[in-house]
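Since the structure comes first, as C-alpha cells, the remarks are kept for the end.
We did not get these values from a lab; they are worked out from the coordinates using the rules stated. No experiment lies behind these values; they were computed from the predicted model shown. Quick reminder, even Gly has a Cβ in these numbers, built from the backbone with ideal geometry, and neighbours come from all protein chains shown.
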Amino acid sequence: MKTFRARLVHPVCSAPISNGMVRVEGEKIVEVGRYDGSAATDLGDVLLMPGLINAHCHLDYTLMRGALLPSSSFSRWIRRINDLKRVITDEEYLESIAEGFRELAAGGTTSVLNFESFPELMVRLPAPPLRTWWFYELLDIRNRIHTEDVIAGALSFFDDRPGWTGGFGLAPHAPYTASADLYRIARFCCERNQMPFATHVAESDEELEMFFNASGPLHHFLSGLGRDMSDTGICSPMERLLEAQCLPDGALLVHMNLLLESDWVLLRGRDFSIVHCPGCHEYFDRPPFPIERFVAEGFNVCLGTDSLASNRRLNMFGEMRLLQQKHPTLPDPLVLDMATRNAATAIGMPDRLGQLSVGAYADMIAVPYLGDSSGATAGALAHEGNVAWSMVSGEATTR
C-alpha cells in the first residue's frame with residue numbers, strides 16, 4: 001500500500017480536494033480524500049491529477065519532427081512522407097518510437113492510442129513505458145486483403161507480450177487507402193474480439209473532392225497508383241463508410257474536419273467517438289473545427305496530437321491550450337475531460353482511466369501548483385513544460 005499526499009488532488013470526476021491524498025494498492029487506486037496524517041510520500045506543492053490520454057498518435061514518425069514543412073496540398077504532403085519512409089531504417093523507426101514515448105511521458109501522457117504502420121518491428125520493442133493501445137494500420141490500396149486470416153496473422157505480432165499495459169486494435173487507414181471490404185473485415189474482427197476500431201476520415205478538402213466530385217490532386221495521385229476509383233464521384237467519404245456499413249459502434253473517428261450537412265444527418269444518434277488533433281489542424285491551416293456542434297450533437301469528443309510529421313510537439317497540455325485559443329467558449333472542465341475521461345470512454349475504459357477514483361488504475365501526474373481548489377481545472381490547463389512526477393499502473397517516475 002502506498003499513499004501520496006499533494007497540496008491539491010484533482011480527481012476530475014469529482015471536486016478538487018485541498019491537502020488531498022491518493023492511496024494505491026498494486027496497480028489500482030483504493031482511496032481518494034483529504035490527507036489523514038498517515039505515512040505518505042509528500043509530493044509537495046503540486047496538483048495531483050489523472051494522467052492524460054493521447055487519443056491519436058503515430059509514434060513511428062517522431063523522427064520526422066521539422067522534416068516536413070506545411071503544404072497547401074494534402075496529397076503533396078503524403079508524397080513527402082512516402083519519400084521519407086523509403087529511406088528510414090528499422091533501427092531508426094525503433095528509436096523514433098522510443099523517443100516518442102519519452103516526449104509523451106515528459107508532457108504528462110500516461111496512455112496513448114498509437115497507429116502502428118510496422119507491426120513487424122514490435123517483436124523488437126521492450127515493454128512500453130506508457131499504457132499503449134497499438135492499432136494495426138490497414139491499407140490495401142495496392143494489395144487487396146480479402147480474409148480475416150491475413151489480419152489475424154498480422155495481429156500475431158501482438159500476442160504474448162507480458163508486462164505490456166493497454167491493448168490492441170485495428171485501424172483501416174482512411175477511405176481513400178482502404179477498401180470497403182477491408183473496413184468490413186476489420187469491423188468484423190473488432191466486434192468478434194471486442195477490440196477497438198479507429199480510422200482517419202473527412203480529413204482534407206482533397207479527400208472530399210475526390211469522393212464527391214471524382215477530381216482533384218488526391219484523386220489524380222491515387223488513380224496513378226492504380227487505386228480502383230469506381231467508388232468516387234458518388235458521395236462524401238463519411239457517407240461512403242456509413243452506407244457501406246464499414247464502422248462498428250464505438251469507432252474512433254479521427255479528424256472529421258470537413259463534413260457536409262448530409263453527413264451530419266447520417267451521423268445523428270450514432271455511437272462514435274470523435275478525435276480532434278488541434279496542432280495538426282493548425283499545421284494544415286484547416287477551416288475552424290466544428291467541435292461545438294459535435295458536443296451539442298452528443299458525441300464523445302477526445303483530443304490527440306497526431307504525429308510529428310504534422311505537429312510540433314507530442315504534448316497534450318499544449319493541445320488543450322491550443323483548443324482553448326481556437327474555441328474560447330468551451331468550458332475548462334470539458335476541455336480537460338477531452339484529454340482524460342472522454343478518451344477513457346472512447347477506449348472502453350470508463351471509470352478506470354482518466355480520473356482518480358476507487359477502482360481506477362493508478363495512472364497519475366503531478367504539476368506544480370500554488371493555488372486553491374477553486375482554480376484547479378484552470379491551473380491544470382495552464383501547465384507548461386514537463387511534469388515533475390508521474391505514475392503508470394502504480395509505478396512512479398520522478399523527473
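Most tightly packed first, judged by the mean number of other beta-carbon atoms within 10 Å of their residues, the peptides 5-15, 200-210 read 200-210, 5-15. Here the range 316-392 and the range 254-311 have alpha carbon centers that stand 19 Å from each other.
Counting charges near Val335 (Lys, Arg +1; Asp, Glu -1) among other residues having Cβ under 13 Å from its Cβ returns a value of -1. Please identify which residues in the range 311-328 have an amide N closer than 18 Å to a label point set 7 Å out from the Cα of Ala378, following the Cα→Cβ vector. Only 320-328 fall inside the zone, counting backbone N under 18 Å.
Looking at [x] 21.4; [y] 18.5; [z] 17.3, which value of mean projected area of the Cα convex hull in nm² comes from a calculation on the structure shown? So the calculated entry is the one marked [y]. Peptides 386-392, 271-277, 49-55, 170-176 ranked from most to least packed, by the mean per-residue count of other Cβ atoms within 10 Å: 49-55, 170-176, 271-277, 386-392. With both residues required to sit in the chain, DSSP beta bridges show an antiparallel share near 45%.
Protection proxy ranking for 92-101, 322-331, 289-298, using the average of other Cβ atoms within 10 Å per residue and placing the highest first: 92-101, 289-298, 322-331.
Is the range 1-77 best put as rounded, prolate or oblate by its Cα gyration tensor, with a ≥ b ≥ c the root eigenvalues, rounded for a/c under 1.5, and otherwise prolate when a/b is larger than b/c, oblate when not? In terms of gyration-tensor shape, prolate.
Using 0.36 nm times the number of residues separating Glu395 and Glu243, minus their current alpha carbon distance, what extension gain do you get?
That works out to 50.2 nm of additional length.
Roughly speaking, what is the stretch gain from Ser18 to Ala98, that is 0.36 nm per residue apart minus the C-alpha to C-alpha distance, in nm to one decimal?
Gain on extension, Ser18 to Ala98, equals 25.2 nm.
If R0 equals 25 Å, the separation of the Cβ atoms of Asp149 and Leu125 corresponds to a calculated FRET efficiency of about 0.50.
Given a Förster distance of 51 angstrom, what is the FRET efficiency for Trp264 paired with Ala39, based on the Cβ-Cβ distance and rounded to 0.05? The pair Trp264/Ala39 has a calculated efficiency of 0.40. Using a 4.7 Å Cβ-Cβ cutoff, the cysteines of the chain lacking any partner cysteine are Cys13, Cys57, Cys189, Cys190, Cys235, Cys246, Cys302.
Using the Cβ-Cβ distance between Lys28 and Arg161 with R0 set to 25 Å, the FRET efficiency from 1/(1 + (r/R0)^6) comes to roughly 0.75.
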